[in-house]
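The structure appears below as structure tokens.
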Amino acid sequence: MKKKLPVAICILALISVLSVALVACNPDDGKPKDAVSYVSIDINPAIELTLDEDNKVVSVYGANEDGQVLLYGEDGIVGVNVESAVEKITSLAVEFGYIGEDNKVIQTSVTAKNSDELLSTINTKISATAAGLNINVSLSGADAYSLLRKLEQVKAQYPDNEAIQALTPEQFKIVISASEAGNITIEAAAELNTEQLVKIISNAHAQAKEFATAAYDKATVLAQDAYDKAVGVAMDGIYTTYYMSHHKTNAYYGFAYQGYKSSARGLNAIANALAFVEDLSVQPIDSARANEIATLLGVDVNELEDAYGDVTVKSIEAYADKMFKNSPASEELEQLKADLTEKLNSVESAIKTKVNELAQEYAPQIEIISTSLNTVIDGIKGLEALIPSSLLTQLQTIKADMTELATDIAQIVSDLKISSQEIRELADKMTEKSNAALAQIESDLTQEELDEIAALQQEAMNGIANAKTQLDNALAQAEQSAKQWLEQQKNSRQNG
């Protein structure tokens, strides 16, 4: 029979173990360290990591849907040292068939103060892990066909931008990641330093849901837009109506708030819808062009399909990336790349024409917003004769601002160049103006009046409870569908 240790000794031992664990896990009182390094591992799947100054993983992210499939449901990556993380990622890639006899080249890149040393550490661990699983892999830099093609396009688009022209493929990799994750332009991202870029990426990783597929993102954005519209109809007029009845002298702020707020909401909804249409890389290609490219690459067209059964620029590039990196260098290979680039450029040009045609379908909605804003402007004009001369300058300033924005909205339609970026920029301006008008309104109201408005808003929200239920149901369904899809993809690879 084993002797039991005295209770006091057990407690002391437990305290000692917990203390060591707490010190090890929370060297700075539990405060996580900031990410300072960016690591990209392109197997296809594409995986991104950010690391702290001790080379521990702060965040991990599947940068494409294969990456999401690989990482879905997995733990043991965030919080560990980069060697352990890379070992796990490599092992998973072998287990699910992403690394094998037909795909032995892995492209890695690092952006950090000690890039060379860190890259060497990562590559050594990948090679050793794969070798332990009886696969000999080769490592290369950020030279994927799709990345180099994109870099060439961006440099051609911004010939006078020195920051963009100076980008190497490794630098471009992190700039693209930051621009996509942080909703900033490539031009803006190219001007940022490594620390700023890593921070944007790491923050975006932290906010991303592991099940957030492209289909999930689209479904949730559209559901949220529908709900916001319902809320706007119920809520926007409350401040305006109340304020104008209680503060008639400054009523123009109520008009301004209403006009800016409703316009911003409408423009953002259009921008969201257009953003999905404008992504040329995921638009299905017609069968004739798809077959041409399949013939050029010497494969059956089915091999170019994505997980949804569509042939897209993105799915073709994914196949080409894998094919080209695993092929020996030759003049024939370079010619094949050039021929593929020419065909893809032609495909994108055709898609862009179609996208522009689709964008024009939003012109009536934009014109409605412009007309509504002009109606608000007319309402403000009607107040000019009713207010004291001391307030006339403020009113005229608001009227001039609104008139300028209304003209900008109309111009989007008239120049036949409707883009999500242009519309989003106007929506942001509208939001900024509406916030300023609301701040002025609230500063004029007493606490009792603010409480009355809050009660009216709650009553309005009760009236759209059904819209909230629909939103919750839509979000839950999108999440469930995304998780099921990822599980199916993962199971099919494991069982395949």
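Tabulated values for the structure
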| read-out | value |
| --- | --- |
| Average silhouette area of the chain, convex hull of alpha-carbon atoms, in square nanometres | 33.8 nm² |
| Largest-first ordering by accessible area, 1.4 Å probe, given options T431, T249 | T249, T431 |
| Expected-Rg normalisation [2.2 N^0.38 Å, Cα atoms] applied to segment 123-185 | 1.49 |
| Global size of segment 358-496 as Cα Rg and Dmax, reported in angstrom | 22.6, 79 |
| Taking the C-alpha atoms of segment 179-310, convex hull volume expressed per residue in Å³ | 195 Å³ |
| ³J(HN,Hα), Karplus 6.51/-1.76/1.60, whole Hz, each residue of segment 142-149, x for Gly, Pro | 7, 10, 4, 3, 5, 5, 5, 5 |
| A465/Y158 FRET efficiency (R0 41 Å; Cβ-Cβ; nearest 0.05) | 0.25 |
| For Y61, residues with placed amide H under 5 Å, excluding near neighbours | E48 |
| Range in the chain, longest, excluding exposed trypsin sites (Lys or Arg not before Pro) [loop by DSSP; at most 13 other beta-carbon atoms within 10 Å] | 210-416 |
| Length-normalised contact order of the chain in % [C-alpha pairs under 8 Å, at least 6 apart] | 17 percent |
| Entries of K113/K417; K322/K490; K218/K490; K88/K155; K199/K468 with Cα pairs more than 31 Å apart | K113/K417; K88/K155; K199/K468 |
| FRET efficiency estimate (nearest 0.05) - Cβ-Cβ, T375 to S281, R0 45 angstrom | 0.65 |
| Cα centroid separation - segment 366-392 against segment 417-496, whole Å | 28 Å |
| In degrees, nearest ten, helix 287-297 long axis to first principal axis of the chain (Cα) | 30 degrees |
| Where the chain is the region considered: accessible area per residue in Å², 1.4 Å probe | 53 Å² |
| Derived scalar couplings ³J(HN,Hα) [segment 240-249; Karplus, 6.51 cos²θ - 1.76 cosθ + 1.60; whole Hz; x for Gly, Pro] | 4, 4, 5, 4, 5, 7, 9, 9, 5, 5 |
| Exposed GluC sites (Glu not before Pro) absent: longest stretch of the chain, with sites in DSSP loops and at most 16 other Cβ within 10 Å deemed exposed | 211-383 |
| Computed lengthening from S138 to E187, 0.36 nm per intervening residue step minus Cα-Cα distance | 14.3 nm |
| Rounded to 10°, Cα long-axis angle of helix 447-463 versus longest principal axis of the chain | 60 degrees |
| 13 Å cut-off, amide nitrogen to a point 7 angstrom out along S115 Cα→Cβ, residues in segment 147-191 | 166-175 |
| Within the chain, helix-based [θ] at 222 nm, where runs of 4 or more DSSP H residues each add -39,500 (n - 2.57), nearest 500 | -23000 deg cm²/dmol |
| Whole-percent carbon and sulfur share, accessible surface of the chain, 1.4 Å | 51 percent |
| In sequence order, calculated HN-Hα J values of segment 375-383 (Karplus, 6.51, -1.76, 1.60; Hz; x Gly/Pro) | 5, 5, 4, 4, x, 5, 4, x, 8 |
| Angle between the chain longest axis and helix 251-278 axis [Cα atoms, degrees, rounded to 10] | 30 degrees |
| FRET efficiency, 1/(1 + (r/R0)^6) with R0 25 Å, evaluated for S346 and A214 via beta carbons | 0.55 |
| Semi-axis lengths, Å, segment 302-350, gyration tensor of Cα atoms, sqrt of 5 times eigenvalues | 20, 15, 6 |
| Distance from segment 167-200 to segment 302-324 (C-alpha centre basis), Å | 26 Å |
| Two-decimal log10 I(q)/I(0) for segment 173-225, as the Debye equation yields it once each C-alpha is a single scatterer, q = 0.13, 0.23, 0.28, 0.31 Å⁻¹ | -0.37, -0.85, -1.01, -1.11 |
| Convex hull volume per residue in cubic angstrom - Cα atoms of segment 240-385 | 154 Å³ |
| Amide hydrogen neighbours beyond the local backbone of V311, cut-off 5 Å, H modeled | I285, D306 |
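The values are calculated or read from the model by the stated rules, or taken from the named source; none is laboratory data. Note that this is a predicted model, so its numbers are computed, not measured. All Cβ positions, even for glycine, are placed from backbone atoms using ideal geometry, and neighbour counts span all protein chains on display. Heavy atoms of the whole protein, side chains included, go into the accessibility calculation; ligands, DNA and RNA do not. Shrake-Rupley method; radii C 1.70, N 1.55, O 1.52, S 1.80 Å.
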